[in-house]
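Here the structure comes first, spelled out in structure tokens, and everything after it is commentary.
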Amino acid sequence: MIAIIDYDAGNIKSVEKALQYLGEQTTVTRDAETLLHADKVILPGVGSFGEAMDNLHKYGLVSVIHEIIKKDTPFLGICLGLQLLFESSEESPGVEGLGALKGKIVKIPPSPGLKIPHMGWNSLHLQNEGRLFKGIPEGTHVYFVHSYYLQAEDPAIVKAVTDYSTTIHASVEKGNVFACQFHPEKSSSFGLQILKNFASLEKEGA
């Protein structure tokens with residue numbers, strides 16, 4: 001069973017529908033016991049970093065997420081969910097992220113002819129053999145909606161990048177923590193394949 005964390009951050013329904021289309025049993029919940037006993041957990045999200053962290057604290061989910069990660073349960077952050085896994089964001093100065101991964105979230109720099117937010121399809125450059133990208137061709141286009149982007153501290157955890165005004169760390173993996181800045185649930189058949197790869201993961205080392 002795949003649990004989707006409900007913390008009022010939007011985008012939950014489309015993730016749930018994509019997983020159900022793939023035949024996966026899902027539950028949308030903020031119940032600690034359900035989340036801790038799930039086979040896999042997804043943190044989706046769109047919206048503001050600070051508000052999302054407030055909600056995670058309000059629902060008592062911060063310690064639950066740390067426990068899930070500590071247990072080595074496969075965990076996937078999507079869009080804002082990726083950003084929350086890191087330490088801080090320029091969007092919400094002074095607000096601490098989950099800090100499960102090292103790095104910071106910064107504003108996409110302005111560039112002539114490019115609109116911010118970055119909204120639309122961009123190609124991925126794959127690197128470092130990501131487990132989520134098994135069977136995904138180099139240059140695959142996926143769907144982004146964001147104004148801030150990840151600068152990961154450790155380049156080895158970066159499994160895909162895209163170029164939009166700058167080099168954007170589009171996907172990371174460390175142990176059983178996975179995250180995508182793009183929306184796999186809105187990225188056609190290859191996006192569904194990425195979700196399928198996540199759904200079929202075994203615990204690392206199992």
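The values are calculated or read from the model by the stated rules, or taken from the named source; none is laboratory data. Please read all numbers here as calculations on a predicted model, not as lab measurements. Because the Cβ atoms are built from the backbone with ideal geometry, glycine has one as well, and the counts that use them run over all protein chains shown. Ligands, DNA and RNA are excluded from the accessible area calculation, which covers all protein heavy atoms including side chains. Shrake-Rupley method; radii C 1.70, N 1.55, O 1.52, S 1.80 Å.
Sort out which residues of the stretch 61-99 are among the charged types (D, E, K, R) and in a helix (DSSP H, G or I), and write them in order of number.
Within the stretch 61-99, the subset among the charged types (D, E, K, R) is 67, 70-72, 87, 90-91, 96.
Within the stretch 61-99, 67, 70 meet the criteria.
Scanning the stretch 1-50 for residues that are at pLDDT below 95 and among the β-branched types (Val, Ile, Thr), which turns out farthest from the chain's Cα centre (by Cα)? Ranking the qualifying residues of the stretch 1-50, first place goes to 12. The set of residues in the stretch 100-144 being part of a loop (DSSP other than H, G, I, E, B) and open to solvent by 90 Å² or more (accessible area, probe 1.4 Å) consists of 102, 110, 112, 115, 129, 134, 138.
When each of 170, 152 is tested for being among the small types (Gly, Ala, Ser), touching a Phe, Trp or Tyr at 6+ places or on another chain (Cβ under 9 Å) and open to solvent by 10 Å² or more (accessible area, probe 1.4 Å), the lone residue that passes is 152. Within the stretch 182-196, the set of residues being under 12 Å from residue 14 (Cβ atoms) and either among the acidic types (Asp, Glu) or open to solvent by less than 10 Å² (accessible area, probe 1.4 Å) (or both) comprises 183, 184, 185, 187, 191, 195.
Within the stretch 45-59, residues that are β-branched (Val, Ile, Thr) have Cβ atoms under 6 Å from residues that are surrounded by 15 or more Cβ atoms within 10 Å (Cβ to Cβ) in these pairs: 46/11; 46/79; 46/80, counting only partners at least 6 apart in sequence or on another chain.
Annotation note: Cβ proximity below 9 Å between a residue of the stretch 1-23 that is hydroxyl-bearing (Ser, Thr, Tyr) and a residue that is open to solvent by less than 10 Å² (accessible area, probe 1.4 Å) and at pLDDT below 95 (sequence gap 6+ or interchain) occurs for 7/45.
Condition check ((1) assigned to a helix (DSSP H, G or I); (2) open to solvent by 10 Å² or more (accessible area, probe 1.4 Å)) across all residues:
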site	(1), (2)
4	no, no
15	yes, no
24	no, yes
47	no, yes
52	yes, no
56	yes, no
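Just name the residue that is farthest from residue 173 (Cα to Cα) out of those in the stretch 60-70 that are open to solvent by 10 Å² or more (accessible area, probe 1.4 Å) and touching a strand residue (DSSP E or B) at 6+ places or on another chain (Cβ under 9 Å). The qualifying residue farthest from residue 173 (Cα to Cα) is 64.
Within the stretch 26-45, the only residue that satisfies the criterion of being among the charged types (D, E, K, R) and open to solvent by less than 60 Å² (accessible area, probe 1.4 Å) is 40.
Screening residue 81 on (1) open to solvent by less than 60 Å² (accessible area, probe 1.4 Å); (2) out of contact with any strand residue (DSSP E or B) (no Cβ under 8 Å at 6 or more places or on another chain) shows it passes everything except condition (2).
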